């Protein structure tokens with residue numbers, strides 16, 4: 001497994017845990033959807049994996065990963081290509097093949113014309129594409145992706161879905177937090193349903209249908225039944 005998580009409690013202060021009893025794993029070649037409404041605990045779960053939550057009681061084992069945040073983050077004063085060049089300096093890889101892959105991805109996401117511009121000046125969608133390119137270039141064991149479809153145009157979403165398929169075929173694991181339940185239902189291998197800071201259900205869509213009693217229910221239908229009456233946390 002590329003990620004194994006067993007959180008007893010986690011939060012931002014010792015007196016107010018946000019998460020309780022969260023256990024799941026992500027293995028090679030699978031896409032796992034982290035599903036929940038705003039304030040359900042998805043972000044705290046991801047931050048716990050990243051090691052930025054102050055109080056975590058439990059055990060988290062994670063391999064090398066690339067993190068794609070909902071709000072892109074860049075280094076001030078570095079152009080797009082300088083971000084790529086900096087990433088290269090942190091990796092043990094062949095420079096020529098890395099550069100060729102970078103150019104192919106820039107062409108794919110239609111960013112070749114702005115390689116010498118500063119990403120902080122880009123639109124939200126363009127910034128999201130840059131984060132995706134950097135993550136794909138790293139070739140990690142695990143991708144942790146937070147709301148990847150926000151700000152992307154339909155063509156970019158199609159390209160992203162193809163890249164996700166390619167990464168799965170390469171053997172990478174993917175943990176993806178998203179509100180786009182229609183898309184998640186089509187592409188995810190398994191789902192983690194979080195509400196009120198707890199993992200209320202996990203498994204394939206078939207598993208969720210059996211647990212909710214909705215034999216032909218959509219992911220949204222199953223989520224509504226399984227989390228009915230559950231207030232949110234932050």
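None of the figures in this text is laboratory data; all of them are computed from the coordinates on show. Computed from a predicted model, the values in this text were never measured in an experiment. Virtual Cβ from ideal backbone geometry, glycine too; neighbours counted across all protein chains shown.
Taking the condition over 30 Å from residue 9 (Cβ atoms), surrounded by fewer than 19 Cβ atoms within 10 Å (Cβ to Cβ) and in contact (Cβ under 8 Å) with a residue 40 or more places away in the chain, does residue 169 pass? Yes; evaluated as a whole, the condition is true for this residue.
Residues that are over 29 Å from residue 77 (Cβ atoms), in a helix (DSSP H, G or I), in contact (Cβ under 8 Å) with a residue 40 or more places away in the chain and in contact with a strand residue (DSSP E or B) (Cβ under 8 Å, 6 or more places away or on another chain) are absent from segment 139-155 altogether. When the residues of segment 210-227 are filtered to those that are in contact with a strand residue (DSSP E or B) (Cβ under 9 Å, 6 or more places away or on another chain) and part of a helix (DSSP H, G or I), the one that is nearest to residue 184 (Cα to Cα) is 219.
Filtered by the rule that a residue be assigned to a strand (DSSP E or B), more than 14 Å from the chain's Cα centre (by Cα) and surrounded by fewer than 21 Cβ atoms within 10 Å (Cβ to Cβ), segment 173-201 gives 198, 200, 201.
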